Amino acid sequence: MKILAIDTSADETAVAVVEGRRIISNVIYSQINIHKKWGGIYPTLAKKAHEERIDGVIKACLDKFIRNDKNSNVETVHEPSLRQIDAIAVTQGPGLAIALEVGIRKAKELAIQYQKPLIAVNHLEGHLYSCFAQNQFGNPAYEIKFPYLGLIISGGHTQIVLIKNHLKYQVLGETLDDAAGEALDKAAKLLGLGYPGGPVIERLAQEVGQIDKYRFPRPMLQSNNLDFSFSGLKTSFYYFVRELPEKEKIKSIKYLVSSFQEAVFDVIVKKTESAIKQTGVSNIIVGGGVCANLYLRKLLRKMVKKNKGTIVFPPFKYLTGDNAAMIGIVAGYKAKANQFVKDIDKLDRMTRMSL
Ligand code: KG4
Ligand code: ZN
């Protein structure tokens, strides 16, 4: 079953064509340059950019699909290529309301016009399933074996989830305030390092060998539950930086961000380890923008090895951030389970949709 998937939940206009776990075509238009100067996503600008780009991104994705699909017999690339698609999938939530609406409206329009079934997907499921993605030739040939502990670490979410089978989730812990990526973004913003903060912090921390000079607090590590909280860390970082003389601050910037990153990652790794101990499940899948960080991957791999488990990350870097391929892959499993949208007119965005 070939699925055209759309995700407009935040600041990427993303469209993909997938078949099962295979990504046949994937196009992402990133709005980062639009939002950079605001230090975060500016909702009305995101909506406008999605509206302006969505048709072009769909067209580019279908063009690529036709070129990549060996079975295709369509020579000219235009709308008839949608006839070769079996279903449309779209992110229903969580995300920015006015951004989600653009994708949902477009998905409904295509489903009605081309008489295709519609599948609504939770963006967080997508981040988890990004670990199972394959290129168009079916690589990597990784075999899915439940149960898993799923770790979602993005700009909007930090969650640990027990996944007993396809589409069966139990949230074990989540952030009570800021998400891990959000915390990194705010720390970077405070130091004038731009947006998004995660990649800049990764680079600067690497330059000083990820040293933990300042030992900022590790929130929630003492608690028995699997919830996270990063706002206390953010506040203590804020006061510490505020007290530093300007010259000292500039001199210490790499050590500051390195110590901040260490505190965030230490909490993530230790909470994941607690989840392994509590559930007895030591096979981990990790999704979300923050898992692009190679140092975090190293820390997690080490911890999982110690616990005799396995760990899977999204196999291609573009799958760590927001994309529509992951939405299409989930949709394939939902189609198998006959989970189609029953009344297309009634489908609406769910900004706080949970797993
Ligand atoms: O998954 P994502 O693209 O969007 C959301 O659904 O939120 O995640 C974006 C987040 C941002 O906070 C960004 O700073 C962070 O992922 N991020 C990173 C890295 N690349 C992106 N954090 C740490 N290290 C990275 N290399
Ligand atoms: Zn996301």
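Quick rundown of the values:
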| read-out | value |
| --- | --- |
| Single residue of the range 170-196 satisfying the filter (of a type outside the set (A, V, I, L, M, F, W, C) and more than 16 Å from ligand 2 (Cβ to nearest atom)) that is farthest from residue 297 (Cα to Cα) | 192 |
| Qualifying residue in the range 294-302 (condition: within 14 Å of the chain's Cα centre (by Cα), within 15 Å of ligand 1 (Cβ to nearest atom) and in a helix (DSSP H, G or I)) | no |
| Neighbours by Cβ (under 9 Å, 6+ apart or cross-chain): first from the range 172-187, polar (S, T, N, Q); second within 15 Å of ligand 2 (Cβ to nearest atom) | 175/157; 175/158; 175/159; 175/182 |
| Selection count where residues are in contact with a His (Cβ under 9 Å, 6 or more places away or on another chain) and of a type outside the set (D, E, K, R), scope the range 162-188 | 4 |
| Qualifying residues in the range 140-159 (those that are away from ligand 2 (no atom under 16 Å from the Cβ) and in contact (Cβ under 8 Å) with a residue 12 or more places away in the chain) - the one surrounded by the fewest Cβ atoms within 10 Å (Cβ to Cβ) | 145 |
| When residues of the range 77-99 are limited to those that are more than 12 Å from ligand 2 (Cβ to nearest atom) and part of a helix (DSSP H, G or I), the one surrounded by the most Cβ atoms within 10 Å (Cβ to Cβ) | 81 |
| Hey, residue 47 away from ligand 1 (no atom under 16 Å from the Cβ), among the charged types (D, E, K, R) and either outside any helix (DSSP H, G or I) or touching a residue at least 40 places away in the same chain (Cβ under 8 Å) (or both) or not | yes |
| Options 208, 241, 267, 200: the member that is touching a Phe, Trp or Tyr at 6+ places or on another chain (Cβ under 8 Å) and surrounded by fewer than 21 Cβ atoms within 10 Å (Cβ to Cβ) | 208 |
| Restricting the range 96-109 to residues that are touching a residue at least 12 places away in the same chain (Cβ under 8 Å) and closer than 25 Å to residue 83 by Cβ, the residue that is nearest to ligand 1 (Cβ to nearest atom) | 103 |
| All positions within the range 276-293 that are within 16 Å of ligand 2 (Cβ to nearest atom) and part of a strand (DSSP E or B) | 285, 286, 287 |
| From 294, 226, 233, 300, residue being closer than 22 Å to residue 156 by Cα and surrounded by fewer than 17 Cβ atoms within 10 Å (Cβ to Cβ) | 294 |
| Hits in the range 19-43 (condition: among the charged types (D, E, K, R) and either modelled with pLDDT of 80 or more or crowded, with 16+ Cβ neighbours inside 10 Å (or both)) | 19, 21, 22, 36 |
| Residues within the range 201-236 that are hydroxyl-bearing (Ser, Thr, Tyr) and under 12 Å from residue 183 (Cβ atoms), tallied | 4 |
| Tabulated pairs, the range 110-125, first of a type in the set (D, E, K, R), second buried (at least 24 other Cβ atoms within 10 Å of the Cβ), C-beta under 6 angstrom, 6+ apart or interchain | 116/88; 125/330 |
| Some residue of the range 198-212 being touching a Leu at 6+ places or on another chain (Cβ under 8 Å), within 16 Å of ligand 2 (Cβ to nearest atom) and outside any loop (DSSP other than H, G, I, E, B) | yes |
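Results for (1) farther than 18 Å from residue 25 by Cα; (2) in a strand (DSSP E or B); (3) touching a Pro at 6+ places or on another chain (Cβ under 8 Å), shown as yes or no for each residue.
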{"residue": "104", "(1), (2), (3)": "yes, no, no"}
{"residue": "120", "(1), (2), (3)": "yes, yes, no"}
{"residue": "136", "(1), (2), (3)": "no, no, no"}
{"residue": "159", "(1), (2), (3)": "yes, yes, no"}
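Residues are listed down the side, and each one gets a yes or a no for (1) part of a helix (DSSP H, G or I); (2) within 16 Å of ligand 1 (Cβ to nearest atom); (3) within 25 Å of residue 156 (Cβ to Cβ); (4) over 22 Å from the mean Cα position of the chain (by Cα):
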position	(1), (2), (3), (4)
269	yes, yes, yes, no
304	yes, no, yes, no
314	no, yes, yes, no
323	no, yes, yes, no
327	yes, yes, yes, no
333	yes, no, yes, no
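The values are calculated or read from the model by the stated rules, or taken from the named source; none is laboratory data. Keep in mind that this is a model prediction, so the values were computed, not measured. All Cβ positions, even for glycine, are placed from backbone atoms using ideal geometry, and neighbour counts span all protein chains on display.
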